[in-house]
Amino acid sequence: MTVWSRFVDRIDTVADVVHEWDERAMLSISEASFVRRLPRVFVTATYLGDGYVWGGLALGLLAFGDSVDRWNVLFGAVVTAANLILVWLLKTLFSRERPDAAPEGMRGRLIDTYSFPSGHATTSFGLAWLVAIAYPYAFAQALVYAGATTIGLSRVVLREHYLFDVVAGAILGTLVAASLLHLFRGAVF
């Protein structure tokens, strides 16, 4: 056996262990008693995470904000576009299948076939980070992160994503937003 094949075997073993942990975590979360009492909350959060929450916030800022708010909305659109492109590339690269079984009556509609990373979590946390930086008010920051967390959690509750997909998406979205802000800070802000 070559060094390369041993390396690939170890990577496969690690991937299997992570996947088994991810399955157990998803089932534990989706079967938790508090989740079973609030199924509509999580279905609604998933649908709102399709962009309605962030689009509504953007429309409000465009309609009632000033020029700084309009720049923030434009930057939010750039962050979202970059995140969606990166999510599509990573989903294509990793081709991780979505979980098999959804709780009865709680399956949302699937937007695509693959699971890693969660697009909902990536875009939500990218925009939550941007809002938290642009509007440094504790209430606004708590609200956008509570929304992003609920959207991300809804993807696990509905068994459309594994927990690792959502955590990776949250980290990815935040890193993309922070990197783009750092890159464009001198040019735009």
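State all residues of the range 149-189 that are free of Cβ contacts under 8 Å to residues at least 60 places away in the same chain and β-branched (Val, Ile, Thr); if no residue qualifies, say none.
Across the range 149-189, the qualifying residues are Thr149, Val166, Val167, Ile171, Thr174.
Among the numbered conditions (1) modelled with pLDDT under 85; (2) outside any helix (DSSP H, G or I); (3) closer than 21 Å to Ala146 by Cα, tell me where Ala102 comes up short.
Answer for Ala102: the failing condition is (3).
With the requirement that a residue be under 12 Å from Phe116 (Cα atoms) and part of a helix (DSSP H, G or I), what does the range 157-172 give you? Let's see the steps before the verdict.
So in the range 157-172, the residues under 12 Å from Phe116 (Cα atoms) come out as 160-170, 172.
Leu163, Phe164, Asp165, Val166, Val167, Ala168, Gly169, Ala170, Leu172, listed by residue number.
Working carefully through the options Leu86, Leu175, Leu74, Leu93, find the one that is more than 25 Å from Val41 (Cα to Cα), part of a helix (DSSP H, G or I), at pLDDT below 90 and not hydroxyl-bearing (Ser, Thr, Tyr). First the steps, then the outcome.
Working: Leu86 fails: at pLDDT below 90; Leu175 fails: at pLDDT below 90; Leu93 fails: at pLDDT below 90.
Among Leu86, Leu175, Leu74, Leu93, only Leu74 is more than 25 Å from Val41 (Cα to Cα), part of a helix (DSSP H, G or I), at pLDDT below 90 and not hydroxyl-bearing (Ser, Thr, Tyr).
Hey, could you check the range 18-71 for residues that are among the acidic types (Asp, Glu) and more than 16 Å from Glu160 (Cβ to Cβ) and say which is nearest to the chain's Cα centre (by Cα)?
Of the residues in the range 18-71, the ones among the acidic types (Asp, Glu) are 20, 22-23, 31, 50, 66, 69.
Cutting the leftovers down to more than 16 Å from Glu160 (Cβ to Cβ) gives us 20, 66, 69.
Numbers: Glu20: 21, Asp66: 29, Asp69: 23 Å.
Applying the filter and picking the extreme gives Glu20.
Tell me yes or no: at least one residue of the range 56-65 is part of a helix (DSSP H, G or I) and touching a residue at least 40 places away in the same chain (Cβ under 8 Å).
Yes, some residue in the range 56-65 is part of a helix (DSSP H, G or I) and touching a residue at least 40 places away in the same chain (Cβ under 8 Å).
Under 6 Å by Cβ, and 6 or more places apart or on different chains, what pairs join a residue from the range 32-43 that is closer than 12 Å to Leu153 by Cα and assigned to a helix (DSSP H, G or I) with one that is at pLDDT 80 or above and not aliphatic (A, V, I, L, M)?
Close Cβ pairs (under 6 Å, with a partner that is at pLDDT 80 or above and not aliphatic (A, V, I, L, M)) amount to Phe42/Ser154.
So which of Ala146, Ala142 is closer than 23 Å to Pro39 by Cβ, among the hydrophobic types (A, V, I, L, M, F, W, C), part of a helix (DSSP H, G or I) and without any contact (Cβ under 8 Å) to a residue 60 or more places away in the chain?
Step by step, each of Ala146, Ala142 is checked, and only Ala146 is closer than 23 Å to Pro39 by Cβ, among the hydrophobic types (A, V, I, L, M, F, W, C), part of a helix (DSSP H, G or I) and without any contact (Cβ under 8 Å) to a residue 60 or more places away in the chain.
Those residues that are crowded, with 24+ Cβ neighbours inside 10 Å, over 20 Å from Ile85 (Cβ atoms) and not hydrophobic (A, V, I, L, M, F, W, C), I need them from the range 114-167; list them, please.
Of everything in the range 114-167, those that are crowded, with 24+ Cβ neighbours inside 10 Å, over 20 Å from Ile85 (Cβ atoms) and not hydrophobic (A, V, I, L, M, F, W, C) turn out to be Ser154, Glu160, Tyr162.
The values are calculated or read from the model by the stated rules, or taken from the named source; none is laboratory data. Predicted model only: the values in this text are computed from it and were never measured. Every residue, glycine among them, receives a Cβ derived from its backbone with ideal geometry; neighbour counts consider all protein chains shown.
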